[in-house]
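A short write-up of the structure that comes next.
The values are calculated or read from the model by the stated rules, or taken from the named source; none is laboratory data. Predicted, not measured: the structure shown is a model, and the values here were computed from it. Here the Cβ positions follow ideal geometry from the backbone for every residue, glycine too, while neighbour counts run over all protein chains shown. Accessible surface areas use protein heavy atoms only, side chains included; no ligands, DNA or RNA. Shrake-Rupley method; radii C 1.70, N 1.55, O 1.52, S 1.80 Å.
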Amino acid sequence: RAAPFAAAVVAIGLVALLISRARATPDDVTWLAGTRDVTPDEQIVYADHLTRHRTSRLWWGGVGLAVALAAGLTLNNGTFAIGTSAIGPAGDILFCLVTGIAVGALLAENYRLRRPTGPASASLAPRAPLPAAGTRRAARLVAGVALTLGIVDVLVAPGARPALLTVVVLVPWLLCELVLRAVRERPRPALSPRAERVDTRLRMFAAVTVSRLELAAAMSAALWLVDLDETWHLDDDVRAVVALVGFGLLLAALVVLWHAAPRSRGRRPLLAQDAPQPLVDGRTTQAPLLAAYRG
């Protein structure tokens, strides 16, 4: 009885610590902007956007964590699992956490901002390609492998459970694809050069962090579907290899999930080409930008 209580206390303490770090600091704004040449209005836009993403991902990640802990307490005799679970994805802390964070990212990116008054005009200028394309390709490759394993599993042992499991464990990856689609297709009004740079940085921030989250989600799905012992009746040597692959996927998913957080890890810049720049005098305000982006 003490173990579940201790786990709940640790979870509450962790969520409280993360909430205290959700609000963006000036260093966070510099990391997101990629420069120290930021006007006061731009700083508000960057800080609001980053705080909104952190808060939404945190709360929904907490919901996912609570679901996994509740399932472990009520359905698995107080035993918690990470990576896979005997009671299904609802009892897997990693799966539920990734799913919750993906929901939070989707809601944050589709946040309905207050529309500025007056006539609106669209920008027809081509946008810069989203960064982290290699990460997205890797995520889609891993998700494709997971889907293939699920299909093979269904063919070897036809039934509703393998098919349902294949669909369910790929849900977080699909949510991340929806977020990336929202980032690519989000309407952009005609903006000044500085405001256009802010819009570009916000899109790049979402693309980098969500692409990493997508890779973690794909690894979580593959981790579930690579466990084919019960269906395929593998011999001991092959089973050992499968277990080793599963353990490697679990470690990799945890590392990628850590780096998918909407904050700098190890003081690394958001983009490889970012470099510290001195403050520039003669700053100008961007009132239309603030009206367009501040909720």
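In this rough spin-label picture, where each label sits 7 Å from Cα along the Cβ direction, the I87-R21 distance is 2.9 nm. Couplings for segment 167-177, taken from phi via the Karplus curve 6.51 cos²θ - 1.76 cosθ + 1.60 with θ = phi - 60°, read 5, 5, 6, 8, 4, x, 4, 5, 4, 5, 4 Hz in order; Gly and Pro are left as x. Under 5 Å between amide hydrogens, built in the peptide plane, is the criterion, and for A81 it picks out I93 among residues at least 5 positions away or on other chains. Residue separation of Y111 and V255 scaled by 0.36 nm, minus their Cα-Cα distance, works out to 49.0 nm of gained length. When every Cα-Cα distance of segment 170-218 is counted in 5 angstrom steps from zero, the calculated P(r) takes the values 5, 22, 25, 20, 13, 8, 6, 2, 0 percent. Sorted largest first, the spans of the alpha carbon positions of segment 129-248 along the three principal axes are 64, 28, 14 Å.
For segment 135-248, with every protein chain kept in place, what is the accessible area per residue (1.4 Å probe, Å²)? Each step should come with its number before you reach the end.
Values: 5430 Å² over 114 residues.
Dividing the accessible area of segment 135-248 by its residue count gives 48 Å².
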